[in-house]
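For reference, the structure discussed in these notes is given below.
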Amino acid sequence: MMIGDFHVHTQYCQHGANDRMEAYVLQAIKKGFTHLSFTEHAPLPESFIDPAPGRDSAMDRNAVEAYVMEGKALQAQYKNDLQIKIGFEVDYIRGFEQETQTFLDTYGAEMDDGILSVHMLQAPNEAYFCIDYSKEEFGRAADEFGGLLSLYKAYYDNLIASIEAELGSFKPSRIGHMTLVQKFQLAYPQPADFSKEQQYILELIKEKGYELDVNTAGLSKPFCKEIYPSPQLIEKAVQLDIPLVPGSDSHAASSIGKAFEELSAYPLTLPRK
Ligand code: MN
Ligand code: MN
Ligand code: CO
């Protein structure tokens, strides 16, 4: 029985709906959940220029205090109905580890939960791309990388680097949507079999004692139609006894717990933190 949704965005996200945090809380309660983690996109490093065409990949740096305060107020207000955790989905961006750690060192003590994700990749010409922004942007990235194969390789390479990165004592220990590079797989088919890399990544996650974000958002993406990671990979994670933490990656209140019935066969757990 599913008891919570542990990957949730809010009105502080610049690319989602404007639903306020309380609307997500009420929807979670309505769904019968007892747990909810807010994991807003942490502000990007100050010296990093958001490559997404909408410049809307993350929350505004100036809104962090308001986000945390609003979350804490809801935590107290709804404490008898819902255990609310407040945290961030933190971008791992190669080359910006120091600034990322500075953010974590500053706010980590206030974080109850967290996810580490790779959305930003640097092409050989040094330009960065936000690979989950749109199908068109993904295509542009593939061109700049010199093809889909290089783009996929870079993604898994960066994912490995994210797991290995030293980001201080508040580094999130849950790996977000580990197959995000497949978001547009129906338009840009997987160029090769990456099961070796994926298996290595799962073993690294196991070795580090990290968790996997089992993320249903991909299912409703028209060019993905699959959860992140795929059922076959989840099976491999189960064999390794890696904790599986469910998340809808909601960017609107109505998506809380969306498609969680697809996860009913898996041994899901609460975040450890
Ligand atoms: Mn998002
Ligand atoms: Mn994400
Ligand atoms: Co997310």
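The values are calculated or read from the model by the stated rules, or taken from the named source; none is laboratory data. For clarity, every value in this text was computed on a predicted model and none was experimentally measured. Reconstructed Cβ throughout: ideal geometry from the backbone, glycine too, with neighbour counts over all protein chains shown.
Structure values in brief
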{"item": "Subset of region 86-103 that is surrounded by 22 or more Cβ atoms within 10 Å (Cβ to Cβ) and away from ligand 1 (no atom under 16 Å from the Cβ) - its residue that is farthest from the chain's Cα centre (by Cα)", "result": "F103"}
{"item": "Within region 190-242, tally of residues that are closer than 24 Å to K135 by Cβ and in a loop (DSSP other than H, G, I, E, B)", "result": "14"}
{"item": "Selected residue (criterion: nearest to ligand 3 (Cβ to nearest atom)) from residues of region 248-273 that are among the polar types (S, T, N, Q) and part of a helix (DSSP H, G or I)", "result": "S255"}
{"item": "Odd one out for A165, checked against (1) touching a helix residue (DSSP H, G or I) at 6+ places or on another chain (Cβ under 6 Å); (2) small (G, A, S); (3) over 26 Å from D105 (Cα atoms)", "result": "(3)"}
{"item": "Check on I131, aliphatic (A, V, I, L, M) and within 16 Å of ligand 1 (Cβ to nearest atom)", "result": "yes"}
{"item": "Number of the exception - D81 against (1) without any contact (Cβ under 8 Å) to a residue 60 or more places away in the chain; (2) under 26 Å from Y155 (Cβ atoms)", "result": "(2)"}
{"item": "Check on V245, of a type outside the set (G, A, S), at pLDDT 95 or above, touching a Pro at 6+ places or on another chain (Cβ under 9 Å) and outside any loop (DSSP other than H, G, I, E, B)", "result": "yes"}
{"item": "Total residues in region 42-81, condition of a type in the set (D, E), part of a loop (DSSP other than H, G, I, E, B) and over 30 Å from F138 (Cβ atoms)", "result": "1"}
{"item": "Residue within region 133-140 that is out of contact with any His (no Cβ under 6 Å at 6 or more places or on another chain), more than 14 Å from ligand 3 (Cβ to nearest atom), in a loop (DSSP other than H, G, I, E, B) and more than 16 Å from C224 (Cα to Cα) present", "result": "no"}
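Residue-wise test of (1) free of Cβ contacts under 8 Å to residues at least 60 places away in the same chain; (2) of a type in the set (K, R); (3) buried (at least 17 other Cβ atoms within 10 Å of the Cβ).
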{"position": "S117", "(1), (2), (3)": "no, no, yes"}
{"position": "A123", "(1), (2), (3)": "yes, no, yes"}
{"position": "E126", "(1), (2), (3)": "yes, no, no"}
{"position": "I131", "(1), (2), (3)": "yes, no, yes"}
{"position": "G139", "(1), (2), (3)": "yes, no, no"}
{"position": "F145", "(1), (2), (3)": "yes, no, yes"}
{"position": "L151", "(1), (2), (3)": "yes, no, yes"}
{"position": "Y155", "(1), (2), (3)": "yes, no, yes"}
